[in-house]
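The next block holds one structure in the form of structure tokens; read it before the comments.
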Amino acid sequence: MPKPILIDTDPGVDDALALILALRSPELSVKAITTVAGNVGVRKCTRNALKILRLMDLPQVPAVAQGASKPLCRRLFTAPEVHGEDGLGGIRWLSPLNRAKVPEHAADVIIRCCRTSAGRLTIVAVGPLTNLALAWKKDPAALRKAGRFITMGGAFRVPGNTGPVAEFNYFVDPEAAHTFLHSGLPITVVPLDVTQQVVLMRKELEYRARRRANLVGKAILDFTRSYMLRHKMTQGFNGGYLHDPLAVAAAIDDSIIETRRTHVDVETTGRFTRGMTVADFRMKARSVDPAVAFKIDRDRFFKLFHERIWL
Ligand code: BDR
Ligand code: CA
């Protein structure tokens, strides 16, 4: 039986790839997609999730619920220079599948799915953790009923990507990240330490997309173009990090990542260190601490990714 999952996301170019990977993986059954403000404003994120659903043309469409339009107690910080003003690389020809949108708030959908999951639900959060923190504050008992949480975020032994020490998702809403990582829920953290080991090069993407020549491939070619050019400018390679797809891959096949349980704090007051993940490796980890991924099987990840994306 496929694992039920809920994806909380701020699409986002790599979020869009993560959604495609999840929706094309027979091991998973995507029950709902919830959106959160992050890479762009939440309405644009919702529109982009709905665009991906139209593109995928599925027989059964998961519900999309819009969530927080800003972090718990800060102004929203976005990344249009990375993901485009629209959040999806300026792709023009995709329209949203509006009928998939439900009127409930994302946090309520998270709570409902946790309650009805009989302990099997995996929640993969690939944006700022605002919706998860709101759901946790509102109904902790419901969240304890989920099987597992995976969050893409943090930077432990590598520099940040939003300032010197912070990763984007936790930088945007550090209070939410701190609250959630201290909840004692079964959480796996997929930080930049491992997501920056998975780079999809433009050349390879073009080669694979042209060999398959279908609509999904054409969309991926289009919506990743400026994301990859941005990496060329800032990182020196024409390609893009697959941050969010790696978190989804961990939900599909846990053996892709190797984790270490560790106590994690997220900096909420630092003048220069907002959103920094601070792990105390001297402390003996407790069972309530999150498991942080420090190693991955790159080959296994890419095999899975390419098999699914270019169907
Ligand atoms: C994370 O930030 C976002 O820009 C990406 O979608 C990813 O979730 C990487 O730091
Ligand atoms: Ca994201």
Looking at the stretch 259-276, is at least one residue closer than 17 Å to F301 by Cβ and at pLDDT 95 or above? yes
With the condition kept exactly as written, say whether any residue in the stretch 170-180 is within 16 Å of ligand 2 (Cβ to nearest atom) and open to solvent by 10 Å² or more (accessible area, probe 1.4 Å). yes
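Under 16 Å from I110 (Cα atoms) and either within 14 Å of ligand 1 (Cβ to nearest atom) or more than 16 Å from the chain's Cα centre (by Cα) (or both): which single residue out of P59, P26, P4 fits that description?
Values: P59 fails: under 16 Å from I110 (Cα atoms); P26 fails: under 16 Å from I110 (Cα atoms).
So the residue among P59, P26, P4 that is under 16 Å from I110 (Cα atoms) and either within 14 Å of ligand 1 (Cβ to nearest atom) or more than 16 Å from the chain's Cα centre (by Cα) (or both) is P4.
Kindly indicate whether L192 is within 12 Å of ligand 1 (Cβ to nearest atom) and not hydroxyl-bearing (S, T, Y). Let's see the steps before the verdict.
Details: within 12 Å of ligand 1 (Cβ to nearest atom): yes; not hydroxyl-bearing (S, T, Y): yes.
Yes; evaluated as a whole, the condition is true for this residue.
If I go through the stretch 162-172 residue by residue, how many of them are outside any helix (DSSP H, G or I), on the phi < 0 side of the Ramachandran plot and within 12 Å of ligand 1 (Cβ to nearest atom)?
Just the residues of the stretch 162-172 that are outside any helix (DSSP H, G or I), to begin with: 162-167.
Still in the running and on the phi < 0 side of the Ramachandran plot: 162, 164-167.
Those still in the list that are within 12 Å of ligand 1 (Cβ to nearest atom) too: 162, 166-167.
Going through the stretch 162-172 one residue at a time, the tally reaches 3.
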Does A32 fit the bill of being within 14 Å of ligand 2 (Cβ to nearest atom) and open to solvent by less than 10 Å² (accessible area, probe 1.4 Å)? no
With the condition kept exactly as written, say whether any residue in the stretch 71-92 is free of Cβ contacts under 8 Å to residues at least 40 places away in the same chain and either closer than 25 Å to G239 by Cα or touching a Cys at 6+ places or on another chain (Cβ under 9 Å) (or both). yes
Here is a list of conditions, (1) open to solvent by less than 20 Å² (accessible area, probe 1.4 Å); (2) assigned to a loop (DSSP other than H, G, I, E, B); (3) free of Cβ contacts under 8 Å to residues at least 60 places away in the same chain, and P11 meets all of them except one; can you say which number that is? (3)
Using beta carbons and a limit of 7 Å, which pairs, at least six apart or on different chains, have the first residue in the stretch 159-174 and farther than 19 Å from T234 by Cα and the second one at pLDDT 95 or above and not in a loop (DSSP other than H, G, I, E, B)? Y170/A177; Y170/V266; Y170/T277; D173/T130; P174/V266
When both residues are 6+ apart or on different chains and their Cβ atoms are under 8 Å apart, which pairs have a first residue that lies in the stretch 38-57 and is among the acidic types (D, E), and a second that is at pLDDT below 95 and part of a helix (DSSP H, G or I)? none
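The values are calculated or read from the model by the stated rules, or taken from the named source; none is laboratory data. What you are looking at is a predicted structure, and each value in this text was computed from that prediction instead of being measured. Ideal geometry is used to build each Cβ from the backbone, glycine not excepted, and the neighbour counts take in all protein chains shown. Keep in mind that these areas ignore ligands, DNA and RNA; they rest on the heavy atoms of the full protein, side chains included. Shrake-Rupley method; radii C 1.70, N 1.55, O 1.52, S 1.80 Å.
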